[in-house]
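Inspection log for the structure reproduced underneath, given as structure tokens.
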Amino acid sequence: MLQISLMTERHRLAKLLRVSSKNRLIDQGKQVHAALVRIGYGSDVILNNDLIDLYGKCGRMDMACDVFDKMPETNVVSWTALMCGHLQQGNPKSSLLLFCRMGYTDVKPNEFTFSTNFKACGVLKIPENGMQIHGICVRTGFEWFPAVANSVMDMYSRCGRISEAEQMFNLMPIRSLISWNAMITGYALVGMGEKCLLLFQKMQRQGEILDDFTFTSTLKACSCLGAIEEGTQIHAYLITRGFAFSVQAIVSGALVDLYVKSGYLFEARKVFDQIEQKSVISWSSLILGYAQQGNLKAAMDLFRQLRESNIWVDGFVLSSMIGVFSDFALVEQGKQMHCYTAKFPSGMEKSVANSIVDMYLKCGLIEEAERVFNEMPERNVVSWTVMITGYGKHGLGREAIRLFNEMQVEDVEPDGVTYLALLSACSHSGLIEESREYFSILCGDYRIKPQVEHYACMVDLLGRAGCLKEAKELIHNMPLKPNIGIWQTLLSACRVHGEFEMGRKVGDMLLELDGKNAVNYVMLSNIYADAGYWRESEKVRVSVKLKGLKKEGGCSWVEIDKEVHFFYNGDERHPLTKEIHKILKEIEKRIKEETGYPYEVRFALHDVEEESKAESLRYHSEKLAIGLALVHSGVEEGGRTIRVFKNLRVCGDCHEFIKGLSKVLKKVFVVRDANRMSRQLLYRYGMIVMLILFSPVLLAKKSYHDYFGVSLDRERRDRVGNMKEGTEFLELCGFERVGGGKFLFLPRDKVDMEVLKSAGTALNSAITNPFFGLLSK
């Protein structure tokens, strides 16, 4: 009777542990753990295995490992349960290490042990380890166990070895529905949507019963292919079969994702509204869809509904929403989102922190980005790369280099994207020798293979420096096939430096390589227009119209009182259009009188009268956005920073206009375009920046005791890069050119001595140019 009673107690404890494990009831599980130890079952293998499973599923791997290590005897279930725990908690490496450790014991793995570790290899994308485990399966006879064979296929697919996955699938003696789904998912993972759809059709012909996973993977393939017709056919098939969209959230979510990615937001919303238990993926997919189509109001309304629902918001959704604010540079909403992330444990994830840093950088708030970056408890390669990219966009090349070196001291290995960010930062700051040095290091790193994008950065750098022949030779000698983008980079450099003949040849080549891209025609047309070949320029533009090609229109936006206002070139739809035009005319007149700002009519690429060109420049989208901001804030000196953002590159005239406007109004303007961030500072603070920039030779009194001078010797020219724009900026701030351009002098009566004193330490310690690259067009 006693033995029967004890057995009953043991079964009751085992049942309680499994219920606790299933429902993630860690506190109840701990109570059961204490009870079984007190009763005398502390060494029971089965109960200890249940404890390992419980602690693993509840995220307490420390306790799971403690139970495992104290077990006097273990079996294959003990080892496999601990491996599963590591894998479920996002630590596949520990699972593989445990598998290796198991090999030194008498315990032999079973099909579930192999399956778990194939999944670990797939997550880590280490096919070599997976192939070794596959070899063990072949030798031990586990290869064709269904769970093992399906896991092998999944592992090869996740590692990009789709041919090995296909071979495994074709050799399988018996295929289950899971096998078919694994292969379809594999095709979808590597972007082979067509094969995915063909296998889906083959399944139907062979009479296989399709389930939710089959439809989900196939719809994902349709999304990747943009195969909206096939996707709608599957949708129709599900409707005719009486599919319950309201309760089948996974398939319905895949349909929402398909319609969103195909641009059919109305259909996506219809499916979304049918779902009773909406998944977080469906919410985020539709929110991003609205944002990508520029419907920020709908995106924000939907996000508000998500916040009011009881759905647990994960790190992916938080990162995605922050990404929306980053792309549109919505500062206030971005700050609110930063506060909102603090309410969720997932807000502490590295991916979320990385998104916050990126958001602040894209909004021009470098100090905020640095603060978040420095406060991160743990940083990965993405964290460092985001920060390096941000410094590059702001023209802080030296800071980017410093951070790159610091990253390596912290034992974080840079990847190809990190090198790309670093080369881009050097390019924007005119750091030619540094770029060459790091590009050479990249080429010598056996772990990273330089891509076309890395060569494009070097071409961009050489192009900015005027070394066009060297840039062209680099393209011809590179071991990779040049893409369209790298030739466009060279063509842009040809236009900047007025290299008409080379530009014409590169432009003609681009039209042959990519004759369906309107951008190439526009760039070539601009080359002709700059050189005064108006007839040829117009001919190129006419061919664009005849071919029905369209170039993305320039669009700028500004955030005022938490509302975003969009403008296109020549836009007159805004209700305050008359006020905007009036204030722009007034401020242009003032800038011209106080700074001598002339319209850069060469940027109005049409063969018309100068007055008409000047008028057309006034209607550029970025000027309209600035005009609206001035209508709201007034033209008084100082005040809040004005931030304007544009989807394309800011033209040279608008660049000069904003610099003059900043000086006249003594107001900070932050302008972000498709290439970089430009920050035009108040005149008095611009003085400090100039002092820091030229600190090694500044304040050389020479024989002119009434002047402060700046020497523009060869060393300084090499260090700061494009001196032409630098001297223009200094002259804009009041410096006067003397001695054939070698020296610039500022009359002492124009100097604010308080500003000079506040520069103090910076004058002696500065070794870099934190501002100069921002002025490069």
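The values are calculated or read from the model by the stated rules, or taken from the named source; none is laboratory data. Just so we're clear, the structure is a prediction, and the values are computed from it rather than from any experiment. Cβ: placed from backbone, ideal geometry, glycine included. Neighbour counts: every protein chain shown. Ligands, DNA and RNA are excluded from the accessible area calculation, which covers all protein heavy atoms including side chains. Shrake-Rupley method; radii C 1.70, N 1.55, O 1.52, S 1.80 Å.
Things worth noting here:
- Cβ pairs under 9 Å, 6+ apart, first in the stretch 270-290 and without any contact (Cβ under 8 Å) to a residue 12 or more places away in the chain, second surrounded by 20 or more Cβ atoms within 10 Å (Cβ to Cβ) and not in a loop (DSSP other than H, G, I, E, B): K270/Y259
- Matching entry among G347, G364 (being part of a helix (DSSP H, G or I), touching a helix residue (DSSP H, G or I) at 6+ places or on another chain (Cβ under 9 Å) and open to solvent by less than 20 Å² (accessible area, probe 1.4 Å)): G347
- Leading residue by the ranking (farthest from K547 (Cα to Cα)) among those in the stretch 490-521 that are among the β-branched types (V, I, T) and surrounded by fewer than 22 Cβ atoms within 10 Å (Cβ to Cβ): V496
- Of all residues in the stretch 367-390, those being more than 13 Å from M407 (Cβ to Cβ), open to solvent by 50 Å² or more (accessible area, probe 1.4 Å) and either in a helix (DSSP H, G or I) or in contact with a Cys (Cβ under 7 Å, 6 or more places away or on another chain) (or both) number 6.
- Scan the stretch 251-285 for residues that are of a type outside the set (S, T, Y), outside any helix (DSSP H, G or I) and closer than 15 Å to S223 by Cα and the total you get is 1.
- Restricting attention to the stretch 233-248 and to residues that are touching a residue at least 12 places away in the same chain (Cβ under 8 Å) and open to solvent by 40 Å² or more (accessible area, probe 1.4 Å), the residue that is farthest from the chain's Cα centre (by Cα) turns out to be V247.
- Residue match in the stretch 557-564 (condition: open to solvent by less than 30 Å² (accessible area, probe 1.4 Å), outside any loop (DSSP other than H, G, I, E, B) and modelled with pLDDT of 85 or more): no
- The stretch 229-250 - residue that is among the aliphatic types (A, V, I, L, M) and part of a helix (DSSP H, G or I) and, of those, farthest from E194 (Cα to Cα): A249
- One residue stands out in the stretch 427-484 among those that are touching a residue at least 60 places away in the same chain (Cβ under 8 Å) and in a loop (DSSP other than H, G, I, E, B): the one that is surrounded by the most Cβ atoms within 10 Å (Cβ to Cβ), namely S429.
- Residue in the stretch 184-198 that is small (G, A, S), on the phi > 0 side of the Ramachandran plot and modelled with pLDDT under 80 present: yes
- One residue alone among V564, V522 is touching a strand residue (DSSP E or B) at 6+ places or on another chain (Cβ under 6 Å) and within 29 Å of V671 (Cβ to Cβ), and that residue is V564.
- Residue selected from the stretch 296-344 under the condition open to solvent by 70 Å² or more (accessible area, probe 1.4 Å) and within 24 Å of A625 (Cβ to Cβ), by the criterion farthest from the chain's Cα centre (by Cα): K297
- In this entry, G596 is excluded by the filter for residues that are open to solvent by 30 Å² or more (accessible area, probe 1.4 Å), at pLDDT below 80, of a type in the set (G, A, S) and under 27 Å from the mean Cα position of the chain (by Cα).
- Residue check, E572 open to solvent by 90 Å² or more (accessible area, probe 1.4 Å) and touching a residue at least 40 places away in the same chain (Cβ under 8 Å): no
- Considering the stretch 121-162, the residues that are aromatic (F, W, Y) and crowded, with 20+ Cβ neighbours inside 10 Å include one that is farthest from I184 (Cα to Cα), namely F142.
- Summed over the stretch 163-218, residues that are among the hydrophobic types (A, V, I, L, M, F, W, C), assigned to a loop (DSSP other than H, G, I, E, B) and either open to solvent by 60 Å² or more (accessible area, probe 1.4 Å) or under 19 Å from G253 (Cα atoms) (or both) total 3.
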